[in-house]
Amino acid sequence: MPQTKPFLSVRSLSHTYHTNSGETPALRDIHFDLFPGEFAAIVGPSGCGKTTTLKMISGFLKTDKGQILVDDQDITTLAPEKRPVSTVFQSYALFPHMSVLENVIYGLKFRGIRKKEAREMGMEYLKIVDMEEYAGASIGEISGGQQQRVALVRSLITKPKVLLLDEPLSNLDAKLRVKMREEIREIQKKYEITMVFVTHDQEEAMVLGDQIAIMDQGKLVQIGKPEEVYLHPQNDFARDFLGISNRFTDIHGNTICCRPEELEFAAEGSVKGIVRQEEFLGFYRQYYVETMNHEHIIVRTDRNIKVEAGKEVQLRVK
């Protein structure tokens with residue numbers, strides 16, 4: 001069924017932080033729509049406004065200007081506990097004096113759900129992330145990855161219309177991050193939850209996001225499908241932030257912008273240079289080339305293509 005009506009709408013959202021040293025604009029007219037069950041990943045450098053955006057959607061930060069709609073309901077002025085929104089924070093914000101199960105069902109007592117029913121629901125949700133055997137454990141007795149799972153199902157059990165995740169995987173090691181992002185995506189698809197996920201990890205954004213939003217200095221630079229944003233960046237910042245980008249001058253004096261994988265070694269190319277470094281990265285090789293104009297280019301090739309450092313080469317755009 002075609003989706004014609006946005007489920008989460010952020011309209012001209014703006015916010016300014018007021019401090020003793022003056023005013024600092026944090027968000028400037030942020031505007032985007034998400035349809036039911038869509039997963040949006042927000043990326044950008046530190047201080048660009050990613051977390052501020054989540055805080056305003058969740059209600060922990062008041063809006064100076066703009067409007068937030070969830071399923072046609074204007075939630076702009078609602079208190080956080082009144083919003084159909086749940087948030088998983090980077091710190092997980094679990095209660096150390098409660099058991100795993102008590103943490104999971106904590107929010108249900110505000111929904112008028114009886115304790116017995118809440119505990120049954122809690123066990124069902126712990127099964128989703130293979131944590132039912134830890135129901136009676138204290139938070140200090142489980143690992144960081146397990147705490148992340150507890151924080152996730154604690155937010156899911158209240159059945160929010162929108163789930164916000166503020167860099168929830170940043171405290172995990174690389175292998176566990178990959179496993180947890182797979183679990184988050186599986187849960188999101190299973191329950192068709194509309195999610196907004198803030199991350200510094202570009203690969204994470206590309207893997208998880210139906211939509212990727214790139215932010216810079218409080219502005220939304222570009223939003224779109226991963227392929228669209230990566231292959232057709234709207235400006236230099238979007239191109240340079242998401243993935244690696246080359247910019248160099250060819251033998252005809254033209255300025256060329258392209259991705260490392262869009263270049264190849266050739267007998268006759270549009271740019272000449274010298275290979276300064278070669279790296280074997282498993283399924284591909286990466287070369288660092290210095291052009292005759294002393295510009296620096298990164299080239300990614302099939303792993304079977306071997307070029308020695310110090311060799312003069314020519315390159316062309318595929």
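The values are calculated or read from the model by the stated rules, or taken from the named source; none is laboratory data. All values reported here derive from a predicted model rather than from experimental measurement. With ideal geometry, Cβ positions are generated from the backbone for all residues, glycine too; neighbour counts draw on all protein chains shown. For the accessible areas, the whole protein counts, side chains as well, though only heavy atoms, and no ligand, DNA or RNA atoms are used. Shrake-Rupley method; radii C 1.70, N 1.55, O 1.52, S 1.80 Å.
The table for this structure:
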{"item": "Under Karplus coefficients 6.51, -1.76 and 1.60, residue-wise ³J(HN,Hα) of the stretch 166-181 in Hz, glycine/proline x", "result": "9, 6, x, 9, 5, 8, 9, 6, 4, 5, 5, 4, 4, 5, 5, 5"}
{"item": "Nearest-0.05 FRET efficiency for residue 82 and residue 114, computed from C-beta distance (R0 30 Å)", "result": "0.85"}
{"item": "Radius ratio Rg over Rh of the stretch 133-282, counting only Cα atoms, Kirkwood formula for Rh", "result": "1.10"}
{"item": "The chain: angle of helix 144-156 to the longest principal axis, Cα-based, in degrees nearest 10", "result": "60"}
{"item": "Global size of the stretch 151-232 as Cα Rg and Dmax, reported in angstrom", "result": "13.2, 39"}
{"item": "For the stretch 277-318 versus the stretch 74-124, the gap between their alpha-carbon centres in whole angstrom", "result": "52"}
{"item": "Accessible area of residue 65 in the full protein assembly, 1.4 Å probe (Å², nearest 10)", "result": "110"}
{"item": "Aspartates and glutamates whose Cα lies under 12 Å from that of residue 65, excluding same-chain neighbours fewer than 8 positions away", "result": "29"}
{"item": "Reciprocal mean inverse distance between Cα atoms of the stretch 139-194 - Kirkwood radius, Å", "result": "11.9"}
{"item": "Among the listed pairs 5/115; 62/159; 109/190; 127/175, those beyond 30 Å (Cα-Cα)", "result": "5/115"}
{"item": "(1) 64, 39, 36; (2) 95, 46, 33; (3) 75, 50, 45, with the label sought being that of the calculated Cα extents along the principal axes in Å", "result": "(3)"}
{"item": "Neighbourhood charge, 14 Å Cβ-Cβ cut-off, centred on residue 295 and excluding it, Lys, Arg +1 and Asp, Glu -1", "result": "+1"}
{"item": "Neighbourhood charge, 13 Å Cβ-Cβ cut-off, centred on residue 285 and excluding it, Lys, Arg +1 and Asp, Glu -1", "result": "-3"}
{"item": "Enclosed volume per residue, in Å³, of the convex hull spanned by Cα atoms of the stretch 1-84", "result": "104"}
{"item": "Net length gained if the chain between residue 64 and residue 254 were fully extended (0.36 nm per residue, minus Cα distance)", "result": "63.9 nm"}
{"item": "Cα convex hull of the stretch 60-191 - mean projected area over all directions, nm²", "result": "8.9"}
{"item": "Cα-projected label distance for residue 316 with residue 235, points at 7 Å along beta-carbon direction, nm", "result": "3.5"}
{"item": "Within a Gaussian network of the chain (alpha carbon springs, distance under 10 Å), most fluctuating of 18, 97, 31", "result": "18"}
{"item": "Neighbourhood net charge (15 Å Cβ-Cβ; Lys/Arg +1, Asp/Glu -1) for residue 185", "result": "-3"}
{"item": "Highest average packing first - 98-104, 119-125, 108-114, Cβ atoms within 10 Å", "result": "98-104, 119-125, 108-114"}
